[in-house]
Structure formats: C-alpha cells, structure tokens
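Q: Take a look at the following structure, please.
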Amino acid sequence: MSIGFSPHFLALFFGSDDIAHAKQQREQQQDLALAWAWLDAPDGAQLGTRPAPTAKDPDATAPILKPTLTGLAAAHVAALRFRLLGDHEAGSRALAALTSPPADAPLLVRLMDALTWLDCGTLLHEHPDRPAAWADHARGLLAELLAAAPSGALEQLWQDVLRMAGSIVLDDDASFAASLAAYRAHIARIHPEGYIKPMITGEDADTLRRQLLATQGLVLMAEMAHQAGASLWAYQDRGISIATAASYCVYYYFFPEQWKWYKGLAEDEVRALYTAHGAFFEMAQRRTTLLGKATEKLLEEQRPYYCPQGGLTTLTHGVPLPPRPAPKKRRWFWQRA
C-alpha cells in the first residue's frame, strides 16, 4: 500500500480532490456553503432553518444550530479547521485537547473515539507541534483495543473499522489487506432486503441503532479504502453492496413505525439517532448511484452533517441537491385556473 502522507492524502476520510470539489461548490450551492459557515461559526450559532416535517406538521421547519462541542469532538473540529483553513491556532487547540479515549468507557465507545483520535492525528500531521511519539502512542492504543474481547457483532465490526484506520495511519500492508477481507465478509452478512443479519439478534428497541451503526462503520471502511487507493464501494456479494444496507436505513428514517423488529420506536428519538450518526450518508450519496431521492430528502433535512466519526461530511463529500419545488398555491373554487 505505502500511501504515506502523499499530496492526495489529507485525512482518513477525504483527499485533495474532495476539497477541490468542496471549494468549487462553495459559492454555487447554499446548502453546501452552510457547511463552510458551520466550520467558522461559534458553538450555539444559528445558521438558518431547515425542513423538519412531522406527521402532524409536514411543513414544519427547525433552526440549523451548531452544537456545543466538547472533548474529542471539539478537538476534531479544531483539527479540521487546521487542515481545511490553515488555522494554526485551531491546530494548537486541537493538540492541547487531544487525549486518549477514556479507558473506563464501554468498548464500542472506545473504538469509535479511537477512530476520531486517529483522524485528528492525520489532520494534524503537518502541525509543527504534533508530538514525535504520536505514532507510537497510536500503535499502543490500537494493540490494546484490537485485542479486547468484543461482547457482540457490532463491537467486532467496529474493531475492523479501527483496524483499517490503524493500518493506513501506520502504513501496515498486512493489516490493511486483512481489513479489506473483513469488509467483504461483512458484506456477505447483509440480507438482500438490506439489514445486516448479525445486528438483528432479537426484537428489541436497540436493533435499529445496531443496524445504523454497523452501516456507518462499513461506509467509513469503504471511504478509508477509497482514500488509500483500494476500491470497496463497488464490491458486491450476491448483487448486494454497502448501498443495499444504506438504502435500508434511509427508509426507516422516514417510517420508523414500520421497523419490524420493534414496534414503538419514537419518531423524535430516531431522528436524533440519525442526526448523531448519519453523516456517512453524504459519503454514500457521493460514491454510489443507488440511494436516490429518499436520501436526498434525508440530507435536505439534516445538512450540514457532522459526526466525529467521519467529519464534516456535507463539506467534504456533499453533492448538490435538486432545488426544492415551489410550494403549491392553494386555489379556491371560485378562482380561475
């Protein structure tokens, strides 16, 4: 593999061509320009409004707010500012806040935080104050987390996500090859309908969350491999690809009441879950052609999308959405057409 830190490679999830695309779209597309505004805005700032339809009010809107970020997420956004805007002060803030994931957190949380930590390190690669021993620290963290015993299929999948990230950061060809094989094995476990079979282990309220987080992990693996020069986006098994699982997740964003493994999912809780973890849909929409208009609608309601696992994906991966149709004017029976 030996990708090192080439002129193309900027971070785990985007390269120089992605940023060139983002800058090209910045002045032309309002929803993509909002992502740049989000990066510049202080925490808590309102950037505009977005559609927020509900069953009771299909025309409802909601403010677009930049959340208050703390800890690793705050460091990650500061590292993005360093890489994307050349903000050295933000890079220094990121380094000061960049600590290892807490050891007493559940394994899944530690795996996801470790991915963000590795991404921060790659974003800050060219910062003059990044510790020389960072790679050794990364190697030790990876060894600990990848040796931990997973309690279920979701943790095992996220160990594979972290293994791929580590193989790229540390330029480990054997580990990268093992990660590609693991991805293909996970695709083989996707049902033709789109659900990932090991994630549906019973009829409980957590099944949709497991499906979404597993799909997120596989999308992140496909994008990391893409940035490293390997093609996983087009990989299929029995005609099934990662787009199959992503499309399945999109459907239940709009119709959570139809989730067949648990009746009673609350619409607001499902929307919050997708807000927190759905930034990967920008990557999937950019790299595949199979998601369609439902995904466009989801993105319209959620942009600009940020997640510590994957980044500010509306900026780095967002594609223009079709213009919204003008609202139909109500015409009373006595008015002429």
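Readers should treat all values here as calculations from the given coordinates under stated rules, not as data from a laboratory. No experiment lies behind these values; they were computed from the predicted model shown. Methodologically, a virtual Cβ is constructed for each residue, glycine included, from the backbone with ideal geometry; neighbour enumeration extends over all protein chains shown.
Q: Can you check what the net charge comes to around residue 308, using other residues whose Cβ is under 9 Å from the Cβ of residue 308 (Lys, Arg +1; Asp, Glu -1)? Don't skip to the answer; put the middle values down first.
A: Values: positive: none; negative: 113, 119.
Every neighbour counted, the sum reads -2.
Q: Sorted from fewest to most neighbouring beta carbons within 10 Å, what does the list 307, 249 look like?
A: Exposure proxy ranking, most exposed first: 307, 249.
Q: Would you mind pulling out the separation of the Cα centroids of segment 179-249 and segment 74-138, in Å?
A: The two parts, judged by their Cα centres, are 27 Å apart.
Q: Among 117, 261, what is the fewest-to-most ranking by other Cβ atoms within 10 Å?
A: On the way: 117 24, 261 18.
Neighbour counts put them in this order, fewest first: 261, 117.
Q: Under a 5 Å amide H to amide H cut-off, with H placed in plane at 1.01 Å, what residues pair with residue 62 once short-range neighbours are removed?
A: 50, 52
Q: Now for a different question. What does the charge dipole of the chain about its Cα centre add up to, to the nearest 20 debye, if the Cβ of each Lys and Arg holds +1 and the Cβ of each Asp and Glu holds -1? List each step's numbers first, then the result.
A: Numbers: 32 positive and 36 negative charges, 301 e Å.
Magnitude of the dipole: close to 1440 debye.
Q: Number of Lys pairs in the chain with C-alpha atoms less than 20 angstrom apart, excluding same-chain neighbours closer than eight positions?
A: On the way: 56/263; 56/297; 56/328; 197/260; 197/263; 293/328; 297/328.
Here the count comes out as 7.
Q: Sum -39500 (n - 2.57) across every DSSP H segment of at least 4 residues in the chain, then divide by the residue count to get the 222 nm mean residue ellipticity, nearest 500.
A: On the way: 14 runs with 179 residues, N = 337.
Computed ellipticity for the chain at 222 nm equals -17000 deg cm²/dmol.
Q: Full-extension gain between residue 177 and residue 133, please, as 0.36 nm times their residue separation minus the C-alpha to C-alpha distance. Before the final figure, lay out each step's value.
A: Details: separation 44, 0.36 × 44 = 15.84 nm, distance 2.55 nm.
Gain in length upon complete extension: 13.3 nm.
Q: Using Rg/Rh (Cα atoms, Kirkwood Rh) as the read-out, say which of (i) 0.95; (ii) 1.81; (iii) 0.98 was calculated from these coordinates.
A: Matching entry in (i) 0.95; (ii) 1.81; (iii) 0.98: (iii).
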